[in-house]
Amino acid sequence: MGVGKITDSDAKLMEASMLALGDAYEGMAEELFDRFIAAHPQHAAAFTHPEAARERMTRETLEAMVGQAAGEWWVDHTVTNFVDLHHDYGKFSADDYAAWFTLIIEVMEKRTGEKWPEGASAAWQRQADILTQKVAAATPAP
């Protein structure tokens, strides 16, 4: 897929923000999932066991975003797997993924508070934008 820019500074800012988040991560997956479904109720039925999916979805998304910033080789395969898996459950668009990525950034920043590193949100968003482009490229046409 080869979309986007790798910046070492983004990876460092993202890792610093994860460290700053620390224990505030507790319960974040539930909050993210509940907020996403509240904003996108049409996708609720796709998650027959949300308690099993939400932690995995959150961790895998964070790993992919940090991996993208670090230039990890496996990110493109992970994006393809995200799209293939979700395609089996419903019609998730690149915009749905973008909303999920943005929600993660907003919730992390809010939970971290004043410990959130300056510039971290922009670093996360740059990588989210790259992943959204990759999702769009991997999403089958309707």
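Quick note: the coordinates plus some simple rules give every number you see, no bench work behind them. Everything numeric in this text was worked out from a predicted model, so none of it was measured. Positions of Cβ are backbone-derived with ideal geometry, glycine not excepted, and every protein chain shown enters the neighbour counts.
Here are a few things to note about the model shown:
- Length released on extending from N81 to R56, taking residue separation times 0.36 nm less the Cα-Cα span: 7.7 nm
- Shown for the chain is the translational diffusion coefficient from the Stokes-Einstein equation, using the Kirkwood radius over Cα pairs, a temperature of 37 °C and a viscosity of 0.692 mPa s: 214 µm²/s.
- Loop-resident trypsin sites (Lys or Arg not before Pro) (DSSP state other than H, G, I, E or B) in the stretch 1-81 with no more than 12 further Cβ atoms inside 10 Å of their Cβ: K5.
- Per DSSP, loop chymotrypsin sites (Phe, Trp or Tyr not before Pro) in the stretch 26-96 with at most 14 further Cβ within 10 Å: W73, W74, Y89
- Fluctuation leader among L131, L103, L19 - the chain, Gaussian network, Cα springs under 10 angstrom: L19
- Inter-label distance for T48 and E31, nm, one decimal - labels placed 7 Å from Cα along Cα-to-Cβ: 3.1
- For the stretch 26-63 versus the stretch 109-142, the spacing of their alpha-carbon centroids is 16 Å.
- Contact order, relative form, for the chain: 42 percent (alpha carbon pairs under 8 Å, 6 or more residues apart, mean separation divided by residue count).
- Taking each DSSP H run with n ≥ 4 as -39500 (n - 2.57) and averaging over every residue of the chain yields -23000 deg cm²/dmol at 222 nm.
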